[in-house]
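A.B. asks: Below you will find the structure I want to go over with you.
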Amino acid sequence: MAKEGAQRAEETEQMIEKEGGKEAAEGSAAGSLRAGDAKEMRAVVLSAFGGLNKLRVSKKAMPEPQEGELKIRVKACGLNFIDLMVRQGNIDNPPKTPLVPGFECSGIVEALGDSVKGFEIGDRVMAFVNYNAWAEVVCTPVEFVYKIPDDMSFSEAAAFPMNFVTAYMMLFEVANLREGMSVLVHSAGGGVGQAVAQLCSTIPNVTVFGTASSFKHEAIKDSVTHLFDRNADYVQEVKRISTDGVDIVLDCLCGENTGKGLSLLKPLGTYILYGSSNMVTGETKSFFSFAKSWWQVEKVNPIKLYEENKVIAGFSLLNLLFKQNRSGLIKGVMDKLLNLYTNKKIKPVVDSLWALEEVKEAMQRIHDRGNIGKLILDVEKAPTPLVS
């Protein structure tokens with residue numbers, strides 16, 4: 001670990017030296033390259049909403065930091081299921097295309113906008129970005145940026161913010177997870193699912209029920225207490241083990257799973273919807289899938305919730321950050337999570353690394369639910385002819 005940290009520190013110093021010596025090196029090969037490409041960068045561009053063919057890597061104008069922003073030379077970017085929904089235009093009020101997707105990244109601070117405090121050029125950081133993350137350079141407000149621990153790699157850092165903040169907020173801020181409780185989490189092999197499992201392990205005697213594709217079971221069986229096939233009748237399986245149900249249900253599927261989740265809640269239990277992946281059944285947006293999921297959702301009767309002492313909630317980290325201005329709250333959560341990481345209580349699970357040019361294949365892997373943990377776009381990785 002110390003050796004890896006030293007290597008990363010050396011890489012950072014080399015990057016700072018390379019970028020910081022821009023003017024002095026204009027006569028060198030690196031300087032010549034910057035002279036031609038200083039204002040351009042590679043980025044993944046979504047030309048229109050639709051299938052994978054709408055994605056391409058293009059040259060774009062390099063952004064410069066505005067007041068209160070940091071300019072980050074990106075090393076790695078995170079891929080999330082929400083990125084598939086964005087590509088399809090399957091979200092509320094989608095932005096206009098063309099656009100650069102992506103909501104989280106890690107890299108090295110390259111420039112500071114006016115009034116930025118607490119960071120220096122050369123700092124290793126991870127950040128939330130309101131789109132535009134899948135590029136060689138991003139600019140984002142300082143309140144969305146966090147320093148990376150010395151022993152955390154850039155790929156781990158890109159896998160950290162979305163998954164662990166989402167998991168922590170749902171478990172501790174919304175559902176008030178405590179000792180002895182039980183949790184049901186869907187897609188237990190995914191990035192959020194693995195973060196949920198790790199965070200539950202930090203509280204004594206928490207029972208975790210998970211659903212996942214059967215081929216993932218061997219790899220993740222030690223991270224949850226009870227694991228079920230995603231296509232099995234998990235309601236009966238859970239009730240067989242815990243007759244009165246569970247305290248917390250974390251649902252990223254929606255559709256018919258909403259009613260099933262509510263039926264499994266104990267009195268004073270909390271059901272949280274944080275995604276709707278059942279609406280993504282094909283490469284492009286499907287009105288039929290949307291309508292089916294909507295009709296399958298059990299219509300919630302407040303009187304019934306009152307009589308059964310149940311709580312139903314929703315959670316969207318991106319809305320909390322970028323529409324509801326709760327970056328201060330998220331900063332406090334990140335501080336707690338980084339402390340857990342430093343104390344080796346949690347660690348991001350990285351499934352695989354992909355070049356920017358391999359974004360279509362990476363997205364397909366998420367769509368096929370083939371990943372265990374997080375898929376990462378490695379900005380410096382060269383495309384490979386065959387990816388296992």
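A.B. asks: Using Cα pairs under 8 angstrom and six or more residues apart, how large is the relative contact order of region 162-322, in percent?
C.D. replies: RCO, region 162-322: 20 percent.
A.B. asks: Sorting check: for 70-79, 257-266, 91-100, 164-173, which peptide has the highest mean count of neighbouring beta carbons within 10 Å, and how do the rest follow?
C.D. replies: Highest-to-lowest ranking by the protection proxy: 70-79, 164-173, 257-266, 91-100.
A.B. asks: Local charge sum around Ile376 (other residues, Cβ-Cβ under 12 Å, Lys/Arg +1, Asp/Glu -1)?
C.D. replies: Counting the neighbours of Ile376, the net charge comes to -2.
A.B. asks: Another question, if that's okay. Could you sort the peptides 299-307, 241-249 by per-residue average Cβ neighbour count (10 Å cutoff), highest mean leading?
C.D. replies: Working: 299-307: 10.1, 241-249: 19.6.
Per-residue mean Cβ counts within 10 Å order the peptides as 241-249, 299-307.
A.B. asks: Explain nothing, just compute: Karplus ³J(HN,Hα) = 6.51 cos²θ - 1.76 cosθ + 1.60, θ = phi - 60°, for every residue of region 135-142 in order, whole Hz, x for Gly and Pro.
C.D. replies: So the Karplus estimates, Gly and Pro as x, are 8, 6, 9, 9, 10, 8, x, 4 Hz.
A.B. asks: Relative contact order for region 141-208 using alpha-carbon pairs under 8 Å, separation at least 6, rounded to a whole percent? Intermediate results must be reported in sequence, preceding the final value.
C.D. replies: Details: 48 pairs, mean separation 22.4, N = 68.
Averaging sequence separation for qualifying contacts and normalising by length gives 33 percent for region 141-208.
A.B. asks: Listed highest first by mean packing, meaning other Cβ atoms within 10 Å per residue, what order do 152-162, 134-144 come in?
C.D. replies: Averaged packing, sorted descending, gives the order 152-162, 134-144.
A.B. asks: Expressed in nm to one decimal, what extension gain is obtained for the pair Asn325 and Glu67 from 0.36 nm per residue of sequence separation less their Cα-Cα distance?
C.D. replies: Numbers: separation 258, 0.36 × 258 = 92.88 nm, distance 1.76 nm.
Gain on stretching Asn325 to Glu67: 91.1 nm.
A.B. asks: Then there's this: I need the phi-derived Karplus couplings for region 57-64: 6.51 cos²θ - 1.76 cosθ + 1.60, θ = phi - 60°, integer Hz, Gly and Pro marked x.
C.D. replies: Values per residue, Gly and Pro as x: 8, 9, 7, 9, 5, 6, x, 10 Hz.
A.B. asks: Related question: Figure the gain on full extension for Asp150 and Ala111 (residue separation times 0.36 nm, minus the Cα-Cα span) and round it to one decimal in nm.
C.D. replies: 12.0 nm is the gain from fully extending Asp150 to Ala111.
A.B. asks: Also: Applying the Karplus parametrisation 6.51 cos²θ - 1.76 cosθ + 1.60 with θ = phi - 60° to the phi angles of region 179-191, what ³J(HN,Hα) value in whole Hz is obtained for each residue in order, glycine and proline being reported as x?
C.D. replies: 3, x, 7, 10, 9, 10, 10, 7, 6, 5, x, x, x
A.B. asks: State to the nearest 20 debye the size of the charge dipole of region 162-322 about its Cα centre, where the only charges are +1 on K and R beta carbons and -1 on D and E beta carbons.
C.D. replies: 200 debye
Values quoted throughout were computed directly from the atomic coordinates according to the rules given, and no laboratory measurement underlies them. Remember, it's a predicted structure, so these values are computed and weren't measured experimentally. Counting neighbours? That spans all protein chains shown, and the Cβs are built from the backbone with ideal geometry, glycine included.
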